[in-house]
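Notes for the one structure printed next.
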Amino acid sequence: MNFRRSLVALAALAALAGCNKDKDVEPPAELVDIEATLAVQKIWSEGIGGGGEKLRLTLGVAGEGETVYVASRDGEVLALDAASGRAQWKTKTGFDLSSGPGMGLGLVVVGSSDGDVVALDAASGKQRWKVRVPGELLSPALVDRDQVIMRTAEGRLIALSSVDGKQRWAVDDLVPRLSLRGTSTPVAAGEAVISGFDSGKVMSVTRDTGEIIWQAQISTARGRTELERLADVDSAVRVSGNDVYAVGYQGRVAMLALDTGQIWWARDVSSYSGLAIDDDQIYVSSSNGEVIALRRRDGGVVWTQSGLKQRGLSTPAIAGQAVVVGDFDGYLHFLDRLSGKFVAREHPGGARIAAPPLVMGDRVFVVDEGGKVVAFRIGGSARN
């Protein structure tokens with residue numbers, strides 16, 4: 001297990017550095033001054049403790065109503081008032097946390113590197129239950145209806161009872177000998193649950209039994225070396241109506257039919273971070289640091305922002321008329337959704353922002369690998 005994890009981490013670092021045996025590694029793009037046209041106001045910041053920087057953990061932030069939830073590597077889970085950052089409760093789980101928080105059904109769920117799953121009461125922080133599953137947990141759980149559904153680093157999709165944590169069903173997929181360090185967050189879609197896998201597949205299974213409905217190959221292993229053959233789908237798919245959007249590392253971004261998994265269109269784009277969607281477009285953080293906007297209906301390129309190359313971008317998020325992404329140096333970048341031009345930039349901390357920004361109304365919440373949580377309010381013109 002530890003040996004495999006070392007290989008996974010090594011593969012991720014080598015791949016994300018953009019290694020090329022014939023050329024020097026391309027350095028991260030230097031940020032140029034921009035004229036901010038979007039007003040972004042810092043509301044508050046709070047330190048929760050880090051410790052996950054070297055492990056490339058993406059412990060993120062979740063929210064509901066006027067509360068946001070965060071977790072730290074050293075095992076603490078906090079509920080913070082969204083308006084002020086004031087702690088409403090703090091719970092020590094006693095585990096080295098590596099995934100979460102996921103939330104729903106009045107629960108906040110976190111996971112550990114050893115497969116420990118802990119469900120806390122969202123209102124009080126009191127522990128409801130804890131169980132152990134086989135495999136490291138690296139992405140937030142889907143908490144929906146009466147289930148907690150998680151993807152493990154060992155290629156398993158597991159459904160647990162939200163009441164007591166007992167296993168309902170499990171689905172396994174083949175894990176390559178080398179893979180990127182990360183797992184896809186499961187997504188609910190009607191009577192199905194959809195998740196990406198390290199084999200390059202996207203799989204849809206029934207909520208009740210885990211029976212496979214369809215599988216679609218988004219990324220296909222190519223090349224002679226194992227690094228060249230990495231083809232993970234580590235990011236969450238996006239579902240809108242009858243359409244599913246997914247992207248894989250060294251693979252494609254694709255639009256699939258929700259009921260059958262048929263690929264309607266696909267375009268070569270590599271991403272380990274993922275994508276966001278609005279009514280008309282898809283926004284992808286590519287593995288080389290470009291942010292690309294595509295038309296949802298046919299995958300045509302609308303714009304490409306190349307000013308963030310090799311800056312290790314987070315999953316993008318939609319924030320009003322902007323797309324927001326974090327980078328490896330702790331910067332938060334706001335891009336115009338129509339043109340891709342920079343409209344604002346903030347530097348909430350000095351550590352990498354790997355987890356997707358959380359948008360709640362006109363507020364954006366981010367947490368970096370050093371454990372700093374920052375809230376911003378967006379809106380209006382920066383010239384006012």
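Where a number appears in this text, it was derived from the coordinates with a stated rule and is not lab data. No experiment lies behind these values; they were computed from the predicted model shown. Here the Cβ positions follow ideal geometry from the backbone for every residue, glycine too, while neighbour counts run over all protein chains shown.
Express the Stokes-Einstein translational diffusion coefficient of region 246-377 in µm² s⁻¹, to the nearest whole number, given a Kirkwood radius over alpha-carbon pairs, 20 °C and a viscosity of 1.002 mPa s. Estimated via Stokes-Einstein, D reaches 144 µm²/s. Over the chain, dividing the summed -39,500 (n - 2.57) contributions of all DSSP H runs of at least 4 residues by the number of residues returns a 222 nm mean residue ellipticity of -1500 deg cm²/dmol.
Note on region 38-162: Cα-only Rg and Dmax are 14.2, 46 Å. Across region 292-301, computed HN-Hα scalar couplings (Karplus, 6.51 cos²θ - 1.76 cosθ + 1.60, θ = phi - 60°) run 10, 9, 10, 6, 5, 6, 9, x, x, 6 Hz from first to last residue, x flagging Gly and Pro.
Could you please rank Met360, Met255, Met150, placing first whichever residue has the fewest other Cβ atoms within 10 Å of its Cβ? Ascending Cβ contact count within 10 Å gives the list Met360, Met255, Met150. In terms of distances greater than 25 angstrom between alpha carbons, the cross-link table entries Lys201/Lys341; Lys309/Lys341; Lys341/Lys372; Lys92/Lys201 yield Lys201/Lys341; Lys341/Lys372; Lys92/Lys201. Less than 5 angstrom separates the built amide H of Arg132 from those of Val117, all sequence-distant by 5 or more or on a different chain.
Near Ile43, the amide H atoms lying under 5 Å from its own belong to Ala375, Phe376, Arg377; only residues 5 or more places off or on other chains count, and H is placed 1.01 Å from N. Taking the Cα atoms of region 65-104, the ratio Rg/Rh between the radius of gyration and the Kirkwood radius comes to 0.98. Counted residue by residue at 0.36 nm each, then reduced by the alpha carbon distance between them, the extension gain from Thr220 to Ala170 reaches 15.6 nm. Residue exposure proxy: Thr91, Thr58, ordered by other Cβ atoms within 10 angstrom of their Cβ from fewest to most, comes out as Thr91, Thr58. Can you classify region 181-330 as rounded, prolate or oblate using the Cα gyration tensor, where a ≥ b ≥ c are the square roots of its eigenvalues, rounded means a/c under 1.5, and otherwise it's prolate if a/b beats b/c and oblate if not? Oblate.
Computed extension gain for Glu35 through Leu338, at 0.36 nm per residue and net of the alpha carbon distance, reaches 107.4 nm.
Here region 256-312 yields Rg over Rh of 1.00, to two decimals, using C-alpha coordinates and the Kirkwood radius.
Does region 165-260 come out rounded, prolate or oblate, given a ≥ b ≥ c as the square roots of the eigenvalues of its C-alpha gyration tensor, rounded meaning a/c under 1.5 and, failing that, prolate meaning a/b above b/c? It comes out oblate by the Cα gyration axes. 3J(HN,Hα) along region 62-73, derived from phi through the Karplus expression 6.51 cos²θ - 1.76 cosθ + 1.60 where θ = phi - 60°, amounts to 10, x, 7, x, 10, 10, 10, 10, 9, 9, 10, 4 Hz, with x in place of Gly and Pro. Amide H contacts of Thr185 (H built 1.01 Å from N, in plane; Pro and chain starts excluded): Ala236 sit under 5 Å, all sequence-distant by 5 or more or on other chains. Local charge for Val374 was computed over the other residues whose Cβ lies under 9 Å away, with Lys and Arg +1 and Asp and Glu -1, and equals -1.
The residues neighbouring Arg151, those whose beta-carbon lies less than 14 Å from its own, together hold a net charge of -4 under the Lys/Arg +1, Asp/Glu -1 convention.
By the count of other C-beta atoms within 10 Å, a proxy for reagent exposure, Glu346, Glu26 are ordered fewest to most as Glu26, Glu346. Between Lys130 and Arg177, the simple label model (points 7 Å from Cα in the Cβ direction) yields a spacing of 3.7 nm. Which distance in Å, rounded to a whole number, links the C-alpha centroids of region 256-300 and region 124-177? Between the Cα centre of region 256-300 and that of region 124-177, the gap is 27 Å.
Across the chain, the volume of the C-alpha convex hull divided among the residues equals 124 Å³ per residue. Taking 0.36 nm per residue of sequence separation and removing the Cα-Cα distance, the Gln262/Ser306 pair yields an extension gain of 12.7 nm.
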